[in-house]
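The values are calculated or read from the model by the stated rules, or taken from the named source; none is laboratory data. As the structure is a prediction and not an experimental result, all values here were calculated from the model. Quick reminder, even Gly has a Cβ in these numbers, built from the backbone with ideal geometry, and neighbours come from all protein chains shown. Side chains are part of the model used for accessible areas, which takes the heavy atoms of the whole protein and leaves out ligands, DNA and RNA. Shrake-Rupley method; radii C 1.70, N 1.55, O 1.52, S 1.80 Å.
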Amino acid sequence: MRKLFTLVALMAMFLGANAKTVIDAEVDFSKFEDGDASTIKFYGWGASDEAKARLSIKNGCLHFESTEATTNSWDAQFHPIGGVVADEGTVYTLHYKVKGSVEKNISALGFGINPYGQFPITTEWVEGTFDYEAGANPSGDILFQCGDYIGEWDIAYLRITHEEAAGAEEKYKQMLTNGDAETPWADPNVKWNDESKNFTICAWGKQKGTNVNMHEDGTEGSDPFPATIEEDPDKPGNHVFVVHGAIADTDGDAAAWDNQFWIQSPQSWKQGSKVRVKFRYKASQAAHTNTQIHLQNPSNYLHYEAVGDVDFTTEWQDFEKTFVFSDKQAGGWSIAFNLNPENQAAVDFYFDDLSWETVVLEEGFFVTTVDGTTPDYANATPFKEEDGEYTATVGTDDNYVSEIMISTAYGTLASFKGATIRPTKLVEGEFVDYVEASSAIIKLPGKGIWEITIDPGSKQIAFDLKKGNLFEKLDIKANPAEITLNGKDKVADPWDNQMFIQANRVLNAGEVTYIEFKYKASLDDAKTTTQCHSTPGGYITTTCIGEEEGSNVINFSTEEKTFKMTFTIPNDCAGKDMRTIAFNMAEIEQACDYTIRDVIWKLADDTESLIDQTGTKNFFVKAVGDAGPYEFGTDPNQTGINNVVAKKNNSNVKFNIAGQRVSNDYKGMVVDGNGNKYLAK
């Protein structure tokens, strides 16, 4: 078997690699003329009919003013900065300069933060920053909700940055053929849905009224076709791609996608794939377009977010953007341009010099240690191959390890995390099967120096402890708390009444746990369904515990029963901070009391209890009318801080009292990664 990667090559990639600050987005409001704020590129603005709020540009700042509070803070909200394809797990910094007539915090959300953070408005100009980590399925837009602010405030500038981890120097390769439009298509009559279509076609077009087809509902549509190649009207001899956009509303049923253009890559892309897209563009008149990710066939929509909106003018412009495929975009093949979201006129759109590059990834097996928050990707160790088996050693006499990640790709952190593997079970010294699972952290059964052997032919892996200690098996007792939810009958959804068991830490996909409890209800034929959540209320997936294999249903009755299950954290939870099992207790319409007691939730090898063995801090409930989940036995109007902070057990990470990650120099009440609350001065 060919040796896929060498230590010499890996070390060469590290040379000259330096960490740097990357500006993801920036807006300086002094560059806009005073007056109406409509000239600003917002990523959304909304206000209810009752809102007495408006945005404008005043004295070189974005100016917000309101004379009356709305019922909800979100009745007046806007995205002042965004368009970033956020990378889950990356820590971003928002830089700002702000001043207001009233000192008050407003709600802020961005990059998947849950729950809402607090953005401070002060009565003096303040230039500040705060840090936050992109959560699962992150948004790249910062959202301010300010319906409860009465007064005025100004923002001079906003900037989003992150530190790019030291690692390999990225190398890109071109994926497109004929991106310069200089070669006629081999088969210009190929249909977009032909199984045998030629993927040297990198540009597709759709023009309303051309390639007409009929939808099942009787309406008329148009099929994509290989993009028309014509001579550049501004440069004879040069050829370009053209979509002659027909008037979109001729039938009175206009849609943004009536006229479209696609940049088609020759393959689909996994989560974590990093690509760089470039092209030149112009139009016969100014036009605003938006972009989407599509699947293998053009017109087969996948996700609304691609390279952002593109504004055409009558002059040639150059476009370049690098982005990482998220879990929502994974599987996508092409970027679609919806050419008529606003302008319904007949516009000609021109494209040239299409480029779709991707980071060259090294293939093989690579292992890195995990520090509790971020894998040490920059110092990943390549496995050495001999006779079809791959071996590597992790840990040293000075640094015993117990948590690692193993990947089949090296080149970027995102691609490394997207191509990880995990064992289906783990017994020290024995070969076990492994499977692909993105963002999989392997929790070893001990702490020390480990030799790892991989046999890719049989897809098996073994972990041998060379020095150190296996974790001691614990005598884990049931928590004796008896948790009761008085379910009400006036409900709309099964999750209107809920109970939650929350682990003391985030659980990784593939971790094998054991859960046991006694349960009963005040009615026979009662039942609940279960879900995996992050914090209580933070839904992830319905793949969870149940009485039968593959089911998430638990049947309750007036006779107390005992539930026992070995529960492997599902792949759906990978990278999504799963730590909670939710019980939906409004599956039946009648009012019913549900009781669970004597809960055990532990690792299946008995080396860790995932909940406290006394107390109620791991149990939350919510019934119709409650503001949100609260710790059982506490005032339902005072939600505990346990459900909003510290996703990871790491005392070096700090949060404010709203659960928002803050920098180390933050002043005020903070909570560290272990749940300890104190005043930072």
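Numbers below:
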| item | result |
| --- | --- |
| Number of the condition not met by M175 [criteria: (1) open to solvent by 40 Å² or more (accessible area, probe 1.4 Å); (2) at pLDDT 75 or above] | (1) |
| Within the range 384-433, tally of residues that are modelled with pLDDT of 90 or more, hydrophobic (A, V, I, L, M, F, W, C) and open to solvent by 50 Å² or more (accessible area, probe 1.4 Å) | 1 |
| The range 384-409 residues that are within 18 Å of E362 (Cβ to Cβ), paired with ones that are open to solvent by 30 Å² or more (accessible area, probe 1.4 Å) and part of a loop (DSSP other than H, G, I, E, B) (beta carbon under 6 Å, 6 or more apart) | E385/K3; M405/I441; A409/L361 |
| Selection count, the range 39-94, where residues are more than 23 Å from I160 (Cα to Cα), at pLDDT below 70 and of a type in the set (A, V, I, L, M) | 2 |
| Candidate set: the range 135-144, residues that are open to solvent by less than 10 Å² (accessible area, probe 1.4 Å) and modelled with pLDDT of 75 or more; chosen: the one nearest to A76 (Cα to Cα) | F144 |
| Wholly enclosed strands (runs of 3 or more DSSP E) of the range 271-345 bearing at least 1 residues touching a residue at least 40 places away in the same chain (Cβ under 8 Å) and of a type in the set (A, V, I, L, M) | 274-283, 287-294, 317-324, 334-338 |
| Residues of the range 371-383 satisfying the condition of being surrounded by 19 or more Cβ atoms within 10 Å (Cβ to Cβ) and under 23 Å from the mean Cα position of the chain (by Cα) | P375, Y377 |
| Single condition T542 does not satisfy, out of (1) touching a strand residue (DSSP E or B) at 6+ places or on another chain (Cβ under 7 Å); (2) hydroxyl-bearing (S, T, Y); (3) open to solvent by less than 60 Å² (accessible area, probe 1.4 Å) | (3) |
